[in-house]
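The values are calculated or read from the model by the stated rules, or taken from the named source; none is laboratory data. Here the structure is a predicted model, which means the values were calculated and not measured. Don't worry about glycine lacking a Cβ; one is built from the backbone with ideal geometry, like all the others, and counts go over all protein chains shown.
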Ligand SMILES: Nc1nc2c(c(=O)[nH]1)N[C@H]1C(S)=C(S)[C@@H](COP(=O)(O)OP(=O)(O)OC[C@H]3O[C@@H](n4cnc5c(=O)[nH]c(N)nc54)[C@H](O)[C@@H]3O)O[C@H]1N2
Ligand SMILES: Nc1nc2c(c(=O)[nH]1)N[C@H]1C(S)=C(S)[C@@H](COP(=O)(O)OP(=O)(O)OC[C@H]3O[C@@H](n4cnc5c(=O)[nH]c(N)nc54)[C@H](O)[C@@H]3O)O[C@H]1N2
Ligand SMILES: [Mo]
């Protein structure tokens, strides 16, 4: 600290973004202005490092385009023309529109939110109290992680896995469907440490990502075929006797049935299904089995890439079976990590108060899936669907840019009879369709407390500066809306501090030390968890074992054993479609954006340049495309025009459109979600962003 400047303060904060790393941050404030932001050097996961994006958080916070006042739409929907109004006017307009809808059937009102901030307070606490009390439709929050989450839980029981901090001790690390250099940087730092200590790294990814480039081996499977690769690994482990028989006998269920199932998944069949050489299947399985057999820790980091196809749930379920077969869970540094989310004893019911919902037999609760918002905004009232959506309140999300099959989403948002309110920092693609826009505070301007899905720390966020302009925290906006609606339950008067204080269950041994007033001072606290969570079984499944056979899956109408569910759209599974649209397209995150957050930060957009499509030189040559050409990417759902980049990072037959661009900041006003579909995964009702066929042609002119 700079001691000769007396009015300088260091504030403990948390990175709010939808990322597994949830960094502990230190914000320097001078004369009421934040002047520096850095990673907390003492936090074991953050280790003093922030990613490039969040290093620019001050540029984002003080951005000249910040929304600073409530606004009312004056142009057409989508046009983005607004005029300033007062808070009083905004709240009156909103409640006057909501009251008559609620009097008829409150289910015609829909909240739409995701993880723009992952904070407990500014996420689903006061907001959900409001929507529960109102009796609004419920939102099925599936857009990111529910396919893998459900698949993992069938096998393991809960989203609990290997502690990130242990990975540096692993001797073999499989990075399966993830690109941690871009999307989980602090985990990658642990992997680098493991590598220095002699670990072998394998990336399983159709695309030679920044991460795959730096691993010892890269297995470039066809998108959506990971479940088959996992079956092939299991086949070889059984065939070659690379198994931990004691662990299997004591802590797993259904090994005999599994053995029978995987017998059919020979390396030959797997190689053909995954589009890889047979020796790669053997290599991967032998590496995994023999390293474990030597008593060395083998760890898998399974991420989101594998979940975004039809069989995404099954893929994660199959991968989650592997550690138990070789006894990898015996080591703190062995096992698998999908998400650490269920390690946190979060008091969701206390925060969200589902008990406030009116019990009306005429209007039973109705749930709408956020991943099919395109179709659902266009539905009329019907017995099956329930009431047409008449009002939409969006916060912490940018659906017009991120939801699949964008043309339909935009059509729904453009409905003249839909009343839309958006709480935002910036005038995003979604804001352009709002009737009323409400300015929200950023992480530097409000208090919050954070769990995470990548490590085991609870992290506190103290406000560093006063709200800019007339911005208010989400929590305060919903408090005021509740008051205007006449909701007088005392829970609507609770402060942000009171919300944060009840966020975690200190009666649970894992969070026994949780005390908000102390955490605010200290910044972060680690959960009390055993170093090797399943060393002696204790899986939170119905049987208490790792379930190779899942009775719950059978009851849900799924195959109770590991299986392979092909993509909806691939050359093998949909040959007719593939004759029109022969290339598979994936649209994973661009390193310097966070979903669509930061796309409007100029310094980061300068780094990423313009929207582009990576295409293999052979696929390009057949189409007369050269590097730098503008190409038209299209399928039955839509199209976009982007710049072609020729390289062999994308395997032949695959194109890669790094995402997620703001539509209005792309030269043609479109992004990759014009091409994605609203079909859902086998489990968890999640989107299939990476299960898409397209055709590419040279465009006549620039976009
Ligand atoms: N910089 C940055 N960080 C982020 C985000 C961001 O937008 N930018 N987003 C955050 C969010 S919300 C999430 S959910 C995570 C996502 O981050 P990750 O878990 O890393 O997942 P994805 O980025 O979806 O995909 C990662 C890799 O999976 C590959 N992949 C695509 N399809 C398949 C497949 O079928 N099989 C296999 N094996 N691999 C496949 C892609 O090529 C990509 O390299 O990152 C978070 N962190
Ligand atoms: N094609 C394609 N589409 C995808 C994906 C992909 O890989 N490819 N990834 C999918 C995934 S994994 C995810 S998680 C979703 C992400 O989709 P979203 O959750 O919609 O994420 P963002 O696009 O980052 O939008 C979050 C918005 O919240 C706002 N925000 C942040 N903090 C606050 C706050 O405190 N208050 C308010 N009111 N607003 C705030 C930000 O300004 C930002 O505009 O996108 C999905 N869509
Ligand atoms: Mo996500």
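Quick notes on this structure:
- Helices (runs of 4 or more DSSP H) fully within region 258-327 counting 3 or more residues that are at pLDDT 95 or above and closer than 19 Å to residue 243 by Cβ: 278-293, 312-326
- Restricting attention to region 57-81, the residues that are away from ligand 2 (no atom under 16 Å from the Cβ) and not in a loop (DSSP other than H, G, I, E, B) total 2.
- For region 675-703, the set of residues classified as surrounded by fewer than 22 Cβ atoms within 10 Å (Cβ to Cβ) and within 11 Å of ligand 2 (Cβ to nearest atom) consists of 677 only.
- Among the residues of region 570-617, those identified as under 26 Å from residue 117 (Cα atoms) and part of a strand (DSSP E or B) are 586, 589, 594, 597.
- Verdict on residue 219 being within 16 Å of residue 300 (Cα to Cα) and away from ligand 3 (no atom under 16 Å from the Cβ): yes
- Among residues of region 185-209 that are farther than 15 Å from residue 297 by Cα and in contact (Cβ under 8 Å) with a residue 60 or more places away in the chain, those with a Cβ under 6 angstrom from a residue that is within 16 Å of ligand 3 (Cβ to nearest atom) and in a helix (DSSP H, G or I), sequence gap 6+ or separate chain, pair up as 187/180.
- Residue match in region 424-433 (condition: within 30 Å of residue 694 (Cα to Cα), in contact with a strand residue (DSSP E or B) (Cβ under 8 Å, 6 or more places away or on another chain) and not in a loop (DSSP other than H, G, I, E, B)): yes
- Residues that are outside any loop (DSSP other than H, G, I, E, B) and either crowded, with 23+ Cβ neighbours inside 10 Å or within 8 Å of ligand 2 (Cβ to nearest atom) (or both) within region 392-411 comprise 392, 393, 394, 395, 399, 400, 401, 402, 406, 409, 410, listed in sequence order.
- Complete set of residues in region 21-45 that are more than 15 Å from residue 58 (Cβ to Cβ), touching a residue at least 24 places away in the same chain (Cβ under 8 Å) and surrounded by fewer than 19 Cβ atoms within 10 Å (Cβ to Cβ): 44
- Among the residues of region 439-457, those identified as assigned to a strand (DSSP E or B) and within 11 Å of ligand 2 (Cβ to nearest atom) are 439, 440, 448.
- Just one of the numbered conditions (1) part of a loop (DSSP other than H, G, I, E, B); (2) within 27 Å of the chain's Cα centre (by Cα); (3) more than 30 Å from residue 277 (Cα to Cα) is not true of residue 628: (2).
Let's see how each residue does on (1) over 18 Å from residue 16 (Cα atoms); (2) out of contact with any strand residue (DSSP E or B) (no Cβ under 9 Å at 6 or more places or on another chain); (3) at pLDDT below 95; (4) surrounded by fewer than 23 Cβ atoms within 10 Å (Cβ to Cβ):
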site	(1), (2), (3), (4)
123	no, no, no, no
131	yes, no, no, no
137	yes, no, no, no
150	yes, yes, no, no
153	yes, yes, no, no
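- For region 101-117, the set of residues classified as over 17 Å from residue 421 (Cα atoms) and surrounded by fewer than 23 Cβ atoms within 10 Å (Cβ to Cβ) consists of 103, 104, 105, 115, listed by residue number.
- Subset of region 200-232 [within 16 Å of ligand 2 (Cβ to nearest atom) and part of a strand (DSSP E or B)]: 207
- Residue 460 being surrounded by fewer than 24 Cβ atoms within 10 Å (Cβ to Cβ), in contact with a helix residue (DSSP H, G or I) (Cβ under 7 Å, 6 or more places away or on another chain) and either modelled with pLDDT under 95 or assigned to a strand (DSSP E or B) (or both): yes
- Only listed residue being at pLDDT 95 or above and in a loop (DSSP other than H, G, I, E, B), chosen from 389, 336: 389
- Which numbered condition residue 54 misses (of (1) in a loop (DSSP other than H, G, I, E, B); (2) over 18 Å from residue 427 (Cα atoms); (3) within 16 Å of ligand 1 (Cβ to nearest atom)): (1)
- Listing of strands (runs of 3 or more DSSP E) fully contained in region 88-195 that carry 3 or more residues being more than 30 Å from residue 478 (Cα to Cα): 172-176
- Answer from 343, 339, 371 - the residue that is within 16 Å of ligand 3 (Cβ to nearest atom), out of contact with any strand residue (DSSP E or B) (no Cβ under 7 Å at 6 or more places or on another chain) and in contact (Cβ under 8 Å) with a residue 40 or more places away in the chain: 339
- If the condition is being touching a helix residue (DSSP H, G or I) at 6+ places or on another chain (Cβ under 6 Å) and either away from ligand 3 (no atom under 16 Å from the Cβ) or free of Cβ contacts under 8 Å to residues at least 24 places away in the same chain (or both), then region 130-150 contributes 130, 132, 133, 134, 135, 136, 137.
- Annotation note: Cβ proximity below 7 Å between a residue of region 8-20 that is more than 10 Å from residue 460 (Cα to Cα) and a residue that is within 16 Å of ligand 1 (Cβ to nearest atom) and assigned to a strand (DSSP E or B) (sequence gap 6+ or interchain) occurs for 17/594; 17/597; 18/594; 19/594.
- Qualifying residue in region 569-578 (condition: within 12 Å of ligand 1 (Cβ to nearest atom), surrounded by 19 or more Cβ atoms within 10 Å (Cβ to Cβ), modelled with pLDDT of 95 or more and over 23 Å from the mean Cα position of the chain (by Cα)): yes
- Filter result for residue 235 (in a helix (DSSP H, G or I), within 24 Å of the chain's Cα centre (by Cα), more than 16 Å from ligand 3 (Cβ to nearest atom) and modelled with pLDDT of 95 or more): no
- Flag for residue 654 being within 21 Å of the chain's Cα centre (by Cα), crowded, with 20+ Cβ neighbours inside 10 Å, within 21 Å of residue 213 (Cα to Cα) and within 15 Å of ligand 1 (Cβ to nearest atom): no
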